[in-house]
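Notes follow once the structure below has been shown.
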Amino acid sequence: MEKVTIIGVDLAKNVFQLHGAAADGSVVFRKKLSRLQFCKFMAGHPACVVAMEACAGSNYWAREMVRLGHQPKLIAPRYVKAFIKRQKNDAADAEAIVEAAQRPTMRFVEPKTEEQQSRSILFRTREIVASGPRSPTPGAPYTYVTTKEFLLEFGLDTLRDLPDFEALEDTGLLSKDKLLAGEISAVLVSYEDADNLSDVEFLDGQEAAETQ
């Protein structure tokens with residue numbers, strides 16, 4: 001079997017399409033893997049170039065590939081489109097990503113760090129957070145729900161993949177003492193259907209008025 005030097009990955013929410021190719025561009029394998037299978041497969045695969053379209057979630061997966069010893073390369077979707085040879089589908093997209101990445105003059109997108117990604121999201125809040133249900137009772141808090149775009153941006157499958165309170169405390173992102181002291185006013189509440197936009201942020205009446 002020829003040595004795989006590059007793997008094109010067509011990212012999706014649940015199932016990823018992989019296209020492995022040798023240095024001469026010949027096809028070595030085509031695979032469809034779940035998120036968990038993809039992580040295990042790449043963890044056991046020899047170091048190689050992993051090419052992906054620059055899209056929601058690509059920055060997260062690029063960082064994961066670096067952690068696993070691979071070399072990620074992100075390509076703007078408009079550059080990949082020109083290399084699709086047949087009817088557009090996941091397999092054709094993954095193959096086109098490899099074709100594009102192997103071009104010596106191809107321009108690649110620099111993956112964002114976690115800090116850079118978090119800063120950029122501040123300017124796209126309306127795309128990843130939506131208005132949630134609100135009681136008709138006067139003074140009821142406004143609510144906001146996360147969207148599928150939020151999950152994709154951070155490489156999450158469902159909101160259950162978010163770190164728990166203890167994990168957030170360990171990283172210094174949240175303090176239970178400050179929360180109890182009222183220094184942190186936002187409260188996260190989970191609906192039973194956590195798979196369908198479950199986490200909701202409740203603001204008190206004054207804060208809600210200030211956001212209008």
- [ ] Of all residues in the range 68-90, count the ones that are at pLDDT below 95 and within 20 Å of SER34 (Cβ to Cβ).
- [x] 2
Task: Boolean, GLU2 is of a type outside the set (A, V, I, L, M), farther than 20 Å from GLU149 by Cβ and free of Cβ contacts under 8 Å to residues at least 40 places away in the same chain - done: yes
TODO: Among the numbered conditions (1) in a strand (DSSP E or B); (2) in contact (Cβ under 8 Å) with a residue 24 or more places away in the chain, tell me where GLU95 comes up short.
DONE: (1)
Open item on the list: Against the conditions (1) under 19 Å from GLU149 (Cα atoms); (2) not in a helix (DSSP H, G or I), where does ARG63 fall short? Just the number, please.
Closed with: (2)
Task: Residue list for the range 19-57, filter: within 15 Å of ALA101 (Cα to Cα) and buried (at least 16 other Cβ atoms within 10 Å of the Cβ) - done: HIS19, GLY20, ALA21, CYS48, VAL49, VAL50, ALA51, MET52, GLU53, ALA54
Open item on the list: So GLU64 passes all but one of these: (1) farther than 14 Å from PRO111 by Cβ; (2) of a type in the set (D, E, K, R); (3) surrounded by 14 or more Cβ atoms within 10 Å (Cβ to Cβ). Which condition number does it fail?
Closed with: (1)
Task: Count of the range 5-20 residues which are at pLDDT 95 or above and charged (D, E, K, R) - done: 1
- [ ] Identify the residue in the range 73-99 that is within 19 Å of the chain's Cα centre (by Cα) and small (Gly, Ala, Ser) and, among all such residues, is surrounded by the fewest Cβ atoms within 10 Å (Cβ to Cβ).
- [x] ALA76
Task: Scan of the range 28-53 for residues that are in contact (Cβ under 8 Å) with a residue 40 or more places away in the chain and of a type outside the set (A, V, I, L, M), ordered by number - done: ARG30, LYS32, ARG35, HIS45, PRO46, CYS48, GLU53
Open item on the list: Pairs please, first residue from the range 15-26 and over 10 Å from THR5 (Cβ atoms) and touching a residue at least 40 places away in the same chain (Cβ under 8 Å), second anywhere and among the hydrophobic types (A, V, I, L, M, F, W, C) and in a loop (DSSP other than H, G, I, E, B), Cβ atoms under 9 Å, 6+ apart in sequence or on different chains.
Closed with: GLN17/LEU11
- [ ] Determine which single condition GLU2 fails, assuming it passes every other condition in (1) more than 21 Å from GLN116 (Cβ to Cβ); (2) touching a strand residue (DSSP E or B) at 6+ places or on another chain (Cβ under 7 Å); (3) at pLDDT 95 or above; (4) not hydroxyl-bearing (Ser, Thr, Tyr).
- [x] (3)
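The values are calculated or read from the model by the stated rules, or taken from the named source; none is laboratory data. Just so it is clear, the structure is predicted and the values come from calculations on it, not from any experiment. Neighbour counts are summed over all protein chains in view; Cβ atoms, including those assigned to glycine, are modelled from backbone coordinates with ideal geometry.
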